[in-house]
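S.K.: Here it is, the structure, as structure tokens.
The values are calculated or read from the model by the stated rules, or taken from the named source; none is laboratory data. None of these values were measured; they are calculated from a predicted model. Cβ: placed from backbone, ideal geometry, glycine included. Neighbour counts: every protein chain shown.
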Amino acid sequence: MKDIIILGSTGSIGTQTLDVIREFSDQFRVKGLSAGRNISLLREQVRTYQPEFVCIQTESDYHLLKEEFPNTTLFFGSAGLNEIAQVTCDLLVVAIVGTTALKATEIGIKSGSPIGLACKEVLVTAGDIFMPLAKERNVPILPIDSEHAAIKQCLAGIGEDTKQISKLILTASGGPFFKTDPSLLHSITPEDALKHPNWDMGSKISIDSATLMNKGLEVIEAHHLFSVPYDQIDVVVHPTSIVHSMVEFTDGTLLAQMGSPDMRFPIQYALSYPKKWENPWPKTSLTSCGALEFFEPNITAFPLLKLAFDMGIQGGNAPAIMNAANESAVSLFLSKKIRFTDIHTTILSALERFPIQHNLSLDDLIHCDKEVKEKILYDYH
Ligand SMILES: NC(=O)c1ccc[n+]([C@@H]2O[C@H](COP(=O)([O-])OP(=O)(O)OC[C@H]3O[C@@H](n4cnc5c(N)ncnc54)[C@H](OP(=O)(O)O)[C@@H]3O)[C@@H](O)[C@H]2O)c1
């Protein structure tokens, strides 16, 4: 039995991870769960999976849980998140949206727990720190993002020999506005932007998919995970999300990983890695999934993709500033304080105000992330 701890168990990735665990209940045991505000779902999960360790965001919810589950070790807040991440396990699934789990991820790596990484913001902000740390401690970082899980499977045959890679090709669905007239993008509402054509995801990643920032964050994530320079990473729009990503090798051939757009597949791969197990999820029908089409992304209408490439190349804290500003801008857009197209300008203005610095520590990056968010919040107070 493998012991699993899930940070973000009440979210889209967290609940689907529990679906996979339930399907393979003879292989996995839930050792720990952590949630933000959704105490009712967490309570249900604790009753079902009976984890030893549980963390919740607020102290008041912690006291409620303490009365109901006197035999469970309970934590709360960011200190609690760090404590639960310190508990060793066979896979620490990091599925909290945003940068909340930066410190917890570092603690998990230092404790030696393999990391199942859904949260791309963590690598975007501190990939230069986490990847060498994981390598030094011999801790695997297994991607849960479908594109990166696809690339990992395409690379399975070449091991560490990245010289055989000519290009990583990330596919993007294009989001709900792939075919929208760019002159109408300013009037898009959060309700429109939350309707993703292929995936049912949390609200932040849904907006990131609509702006193509999600793909930009994934480019930076891929750079760190696979040690491939930015000029060897491409993005193509593939509206049906059947091809999850591809690798072009130096001999000019391509490997693609395909399947239905269902996050349980990449989640299962991280859990069962490196094996593939039979499961009951619906299989892909090649004769009814439609044509496999690929298009160039429109970086004029969706400038955040190019910005992410540029900030990744700049390095240092540039991706951290961009990511923090994006998180704030997305939340302002969701609360209808700014327009869809203002997400870009909000990020650009943060990048102008905060100096790009290199060789920062994790604490410096956490401080930078907090400062950028506080500044933007203050501006729109
Ligand atoms: N959803 C997908 O299909 C998908 C695919 C690939 C990658 N990802 C990545 O996976 C991550 C999670 O995405 P998601 O779609 O699952 O997000 P989500 O549905 O919004 O869930 C986020 C999770 O984080 C928890 N959380 C939020 N703020 C917290 C805080 N301050 N302290 C502790 N916990 C907190 C939430 O708890 P409560 O709900 O209890 O408040 C919830 O469990 C993101 O980085 C995303 O980019 C997602």
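S.K.: Looking at Leu170, is it away from the ligand (no atom under 11 Å from the Cβ), buried (at least 18 other Cβ atoms within 10 Å of the Cβ) and on the phi < 0 side of the Ramachandran plot?
M.R.: yes
S.K.: Additional query: List pairs: first in the range 358-371 and closer than 19 Å to Asn326 by Cα, second among the hydrophobic types (A, V, I, L, M, F, W, C), Cβ under 6 Å, 6+ apart or cross-chain?
M.R.: Leu365/Ala126; Leu365/Ala320; Ile366/Leu102; Cys368/Ala320; Asp369/Ala320; Asp369/Ala324
S.K.: Could you tell me whether the range 203-218 includes any residue that is surrounded by fewer than 18 Cβ atoms within 10 Å (Cβ to Cβ), within 16 Å of the ligand (Cβ to nearest atom) and at pLDDT 95 or above?
M.R.: yes
S.K.: Restricting the first residue to the range 97-115 and requiring it to be in contact (Cβ under 8 Å) with a residue 40 or more places away in the chain and more than 26 Å from Ser328 (Cα to Cα), which pairs with a second residue that is surrounded by fewer than 22 Cβ atoms within 10 Å (Cβ to Cβ) and among the polar types (S, T, N, Q) meet a Cβ separation below 6 Å and a spacing of at least six or different chains?
M.R.: From the range 97-115, the pairs are Ser113/Thr88.
S.K.: Checking the conditions here, which among Gln86, Gln16 is polar (S, T, N, Q), more than 9 Å from the ligand (Cβ to nearest atom), closer than 16 Å to Gly116 by Cα and touching a residue at least 24 places away in the same chain (Cβ under 8 Å)?
M.R.: None of the others qualify; the one that does is Gln86.
S.K.: Which members of the range 92-108 meet the condition of being more than 15 Å from the chain's Cα centre (by Cα) and either part of a loop (DSSP other than H, G, I, E, B) or among the basic types (Lys, Arg) (or both)?
M.R.: Result: Lys103, single match.
S.K.: Could you give me the residue pairs with C-beta distances under 6 Å whose first residue belongs to the range 116-133 and is within 14 Å of the ligand (Cβ to nearest atom), whose second residue is among the basic types (Lys, Arg) wherever it lies, and which are 6+ apart or on separate chains?
M.R.: From the range 116-133, no pairs qualify.
S.K.: Which residue out of Ser241, Ser272 is among the hydroxyl-bearing types (Ser, Thr, Tyr) and more than 15 Å from the ligand (Cβ to nearest atom)?
M.R.: None of the other options fit; the residue is Ser272.
S.K.: Here's a follow-up. When you scan the range 305-381 for helices (runs of 4 or more DSSP H) that lie fully inside it, which ones turn up with 1 or more residues that are closer than 27 Å to Ile109 by Cβ and of a type in the set (A, V, I, L, M)?
M.R.: 318-334, 362-379
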